[in-house]
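S.K.: For reference, the structure I am asking about is given below.
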Amino acid sequence: LDTYLEEFEKNALKRGIKVHWAKDAAEHNAIVLDILRSNNVKMVVKSKSMLTEECHLNPHLEAHGIEVVDTDLGERIVQLRNEPPSHIVLPAIHLKKEDVGTTFEKFLKTEKGNSDPTYLTRAARAHLREKFLNADAAMTGVNFAISETGGIVVCTNEGNARLSTSLPKIHVALVGFEKLIPNYTDAAPILAALPRNATSQLITSYVQFISAPTLNDDGSMKEVHIVLMDNNRTKM
């Protein structure tokens, strides 16, 4: 693992990605806050990340005046309700459609008593699209990171991570030490095993390989930061 982590950092730096190391949750949160503050970020969109739940990153950033918007639909539902996710893959599985309807009625001003899933999903899409377009930065979890490229792989079914990483000018990816794999060859069996064990799919709807910063609409280079966190992983 030590070899792959150092190889990952070397290759990421070559491609223009900034790499940060965090020994624990407190250092991880401080690093992320510093990145966002130094770029005058007021609002950040975030794709699903169990690591941020582990570190309690959302309340840390909110306590310092930064709005955090979870963009995974289940995560957004429980965030609006001020609840933690109840499942690693399906964060709002404990809620009925009527619960979601009353939540959206309160926060998104949807029709009173309307709990039709299609209607609620469209309301969430309109609500989140505005957030994507106006966010100053994005944060994503990482399903695994590839040492030979210094790149990361993000798997989602909603496309929210793709919008998060494409639109804002700053992308902060949060990676636990255990997510490292040596090369592309090792990615294939993981891409097959992950969705089968999570949602019984052959493959997730969106699979992103991010290996270098891209250009923003104004021609400037996107800022990509990767935060590698231990938090007792090496000890385990």
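S.K.: Skipping prolines and chain starts, which residues have an amide H placed within reach, meaning under 5 Å, of the one on Met139, given they are 5 or more residues away or on another chain?
M.R.: The list, which skips near neighbours in sequence, is Val45, Lys46, Ser47, Val172.
S.K.: Okay, next question. What net charge do the residues around Thr121 carry, taking every other residue with its C-beta under 13 Å from that of Thr121, with Lys and Arg at +1 and Asp and Glu at -1? Walk me through the intermediate numbers first.
M.R.: Numbers: positive: Arg76, Lys97, Arg122, Arg125, Arg129; negative: Asp72, Asp116, Glu158.
Once all neighbours under 13 Å are counted, the net charge is +2.
S.K.: A further question on this structure: Could you give me D for the range 1-157, from Stokes-Einstein at 25 °C and 0.890 mPa s, where the hydrodynamic radius is the Kirkwood radius over C-alpha pairs? Units µm² s⁻¹, please.
M.R.: Working: Rh = 17.3 Å.
Translational diffusion coefficient: 142 µm²/s.
S.K.: Among Ser166, Ser86, Ser49, whose mean-square fluctuation peaks in a Gaussian network model of the chain (Cα, cutoff 10 Å)?
M.R.: Per the Cα network of the chain with a 10 Å cutoff, Ser86 tops the list.
S.K.: About the Cα centre of the chain, how large is the charge dipole given +1 on each Lys and Arg Cβ and -1 on each Asp and Glu Cβ? Please answer in debye to the nearest 20. Intermediate values should be presented prior to the final figure.
M.R.: Numbers: 27 positive and 30 negative charges, 100 e Å.
The calculated dipole for the chain is roughly 480 debye.
S.K.: Show which lysines lie in cross-link reach of Lys96 when reach means a straight Cα distance below 22 angstrom and same-chain residues fewer than eight apart are skipped.
M.R.: Reachable lysines: Lys48, Lys106, Lys109, Lys112.
S.K.: Report, in deg cm²/dmol and to the nearest 500, the calculated mean residue ellipticity at 222 nm for the chain, where each DSSP H run with n ≥ 4 adds -39500 (n - 2.57) and the sum is divided by the residue count.
M.R.: Details: 9 runs with 99 residues, N = 236.
Calculated at 222 nm, the ellipticity per residue is -12500 deg cm²/dmol.
S.K.: How about Lys14: which aspartates and glutamates have a C-alpha closer than 12 Å to its C-alpha, ignoring those fewer than 8 places off in the same chain?
M.R.: Glu148
S.K.: How large, in percent, is the carbon and sulfur part of the accessible surface of the range 80-199 at a probe radius of 1.4 Å?
M.R.: 52
S.K.: Over the range 61-170, give the accessible area per residue in Å² for a 1.4 Å probe, as an integer. Walk me through the numbers before you get to the answer.
M.R.: Values: 5220 Å² over 110 residues.
On a per-residue basis, 47 Å².
S.K.: How many angstrom lie between the Cα centre of the range 124-166 and the Cα centre of the range 56-102?
M.R.: Cα centroid of the range 124-166 versus Cα centroid of the range 56-102: 16 Å apart.
The values are calculated or read from the model by the stated rules, or taken from the named source; none is laboratory data. Please read these numbers as outputs of a predicted model, since none were measured by experiment. Counting neighbours? That spans all protein chains shown, and the Cβs are built from the backbone with ideal geometry, glycine included. Only protein heavy atoms, including side chains, enter the accessible area calculation; ligands, DNA and RNA are left aside. Shrake-Rupley method; radii C 1.70, N 1.55, O 1.52, S 1.80 Å.
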